[in-house]
Ligand SMILES: *Cc1c(COP(=O)(O)O)cnc(C)c1O
């Protein structure tokens, strides 16, 4: 068996130990005589799985008791609609547009009320995070929506944006569990799990309890946070297997030191890559230094043909999925929690050799 280093932005690498455990438990989970894939979500065995998964997630993210954790489906993109449906009480919400996903979220919210873009970094192809201050937020806005880590452009908020006493909503799809966050600063956090936590199919929502119950009348049951919270994410069949794998990933992260340790590892990995890129004459990072993401490292040579050659040769060397998003071109190395340091070291070695051969 030879595993490659997969730099995909998502779905992405999972810890090998987790995959091994999934394989070992595939035919007979814990003496049940069946796979978790085959199990009724209403069975006692599965009930224990989902409860333990939530408990471990709460421990890992230090989620206070006055927040609900929801295990949903539909991806982060479904939350672009669910957020305004549930939280636009008076019909106004402010959006920061810092990349393609936040722009989509903003567009979707416009269908349900008065969504306003209060800051954007589109002028420079989202190479930075537009900073906001409380006075930029409309007085009667129900919430402010941000995308905490911009997967496509490789930028992230250096700190939690200050929105005064407004409810802050964050799409954390590509950075959740990469470092500690103070959950109490947010009213709602959501994330597609397929980047840093699990296989595709699971979307996690963390929502402050007092925000529940304000959904628009016509909100589909499946998108109602209140209904889902009341049903403990079991209104219908949840994404059972993805939840089980997420649970294993949470245990893996806890065993390896929790989010402080994840942060340290992630900082080290990102520094390896950025330090080399900054010293390189061939490669250039595209995001402004202050806003660089630890998870998605975007870079270019400045020559589209050379970028293409780089990706092709890297692929052949077992460094996979380095092509940048089609909207920006160049390269993107996604180095989530499960990417080992050796993967980044191999990538840097390869880049050095490529630079020497193509200078
Ligand atoms: C991937 C991603 C999305 C879209 O996620 P889906 O689960 O595919 O809908 C949204 N926001 C961010 C920040 C992402 O990285």
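Most exposed first by the Cβ proxy, i.e. fewest other Cβ within 10 Å, how do 61, 222 rank? Numbers along the way, then the final one.
Numbers: 61 23, 222 14.
Least crowded to most crowded, the residues run 222, 61.
Counting only C-alpha contacts under 8 Å and six or more residues apart, can you give the relative contact order of segment 65-153 as a whole percent?
In percent, rounded to a whole number, it is 35.
Treat the chain as a sphere of radius equal to its Kirkwood radius over Cα pairs and apply Stokes-Einstein at 10 °C in a medium of 1.306 mPa s; give the translational diffusion coefficient in µm²/s, rounded to a whole number.
Working: Rh = 21.1 Å.
Answer, rounded: 75 µm²/s.
Stretch residue 122-residue 290 to full length: gain in nm at 0.36 nm per residue minus the Cα-Cα span?
Working: separation 168, 0.36 × 168 = 60.48 nm, distance 1.70 nm.
Net length gain for the segment: 58.8 nm.
Taking the convex hull of the alpha carbon atoms in segment 174-263, what volume per residue do you get, in Å³? Let's see the in-between values first.
Values: hull volume 9.5 nm³, N = 90.
Enclosed volume per residue, from the Cα hull, is 106 Å³.
State, as an integer percentage, the relative contact order of the chain based on alpha-carbon contacts under 8 Å between residues 6 or more apart.
Numbers: 680 pairs, mean separation 82.0, N = 359.
Relative contact order here is 23 percent.
Taking a quarter of the surface of the convex hull around the Cα atoms of segment 24-94, what do you get in nm²? The partial results should precede the final answer.
Numbers: hull surface 29.3 nm².
Averaged projected hull area, Cα only: 7.3 nm².
Return the distance in nm (one decimal) between the two label points of a simple spin-label model at residue 316 and residue 214, each offset 7 Å from Cα along Cα→Cβ.
Each label point is offset 7 Å from its Cα along the Cβ direction, giving 5.7 nm.
What is the ratio of the Cα radius of gyration of segment 5-162 to 2.2 N^0.38 Å, with N the residue count, to two decimals?
Values: Rg = 19.9 Å, N = 158, 2.2 N^0.38 = 15.1 Å.
For segment 5-162, the normalised Cα radius of gyration is 1.32.
In whole percent, what relative contact order does segment 182-305 give with Cα contacts below 8 Å and a gap of six or more residues? Write down the numbers at each step before the final one.
Numbers: 97 pairs, mean separation 19.8, N = 124.
Result for segment 182-305 is 16 percent.
For 336, 157, what's the fewest-to-most ordering of other Cβ within 10 Å of each Cβ?
Working: 336 27, 157 19.
Listed from fewest to most nearby Cβ atoms, that is 157, 336.
When each pair of different Cα atoms in segment 264-359 is counted once in the 1/r mean, what is the Kirkwood radius in angstroms, to one decimal?
Values: mean 1/r = 0.0754 Å⁻¹.
Taking the inverse mean of 1/r over all distinct Cα pairs, segment 264-359 comes out at 13.3 Å.
I want to verify a result. In a Gaussian network model of the chain, Cα cutoff 10 Å, which of these has the top mean-square fluctuation: 169, 83, 348?
Top of the fluctuation ranking is 348.
Which distance in nm do the two modelled labels at residue 162 and residue 90 give, with both placed 7 Å along the Cα-to-Cβ direction?
2.2
Extension gain residue 236-residue 38, at 0.36 nm per residue separation less the Cα-Cα distance, in nm? Don't skip to the end; give the middle numbers.
Details: separation 198, 0.36 × 198 = 71.28 nm, distance 1.58 nm.
So the extension gain works out to 69.7 nm.
How many percent of DSSP beta bridges within the chain run antiparallel, rounded to 5? It would help to have the intermediate numbers written out before the result.
Working: 21 of 39 bridges.
So the antiparallel bridges in the chain amount to around 55 percent.
Among 332, 208, 124, whose mean-square fluctuation peaks in a Gaussian network model of the chain (Cα, cutoff 10 Å)?
Result for the chain, Cα springs under 10 Å: 124 fluctuates most.
Going by how many other Cβ atoms sit within 10 Å of their own, how do 131, 179 line up, fewest first? Kindly include the intermediate steps, with their values, before the conclusion.
On the way: 131 16, 179 19.
Fewest-to-most ranking of 131, 179: 131, 179.
Taking the chain as a Gaussian network, Cα atoms linked when under 10 Å apart, which of 276, 241, 106 shows the biggest mean-square fluctuation?
In this elastic network of the chain, the residue with the biggest mean-square fluctuation among 276, 241, 106 is 276.
In nanometres, what is the gap between the two model label sites at residue 59 and residue 305, each 7 Å from Cα along Cα-to-Cβ?
Distance between label points: 5.7 nm.
Read-outs: derived from the displayed coordinates by stated rules, not from any lab. Since this is a predicted model, take the numbers as computed values, not measurements. Every residue, glycine as well, gets a Cβ built from its backbone with ideal geometry; the counts of neighbours run over all protein chains shown.
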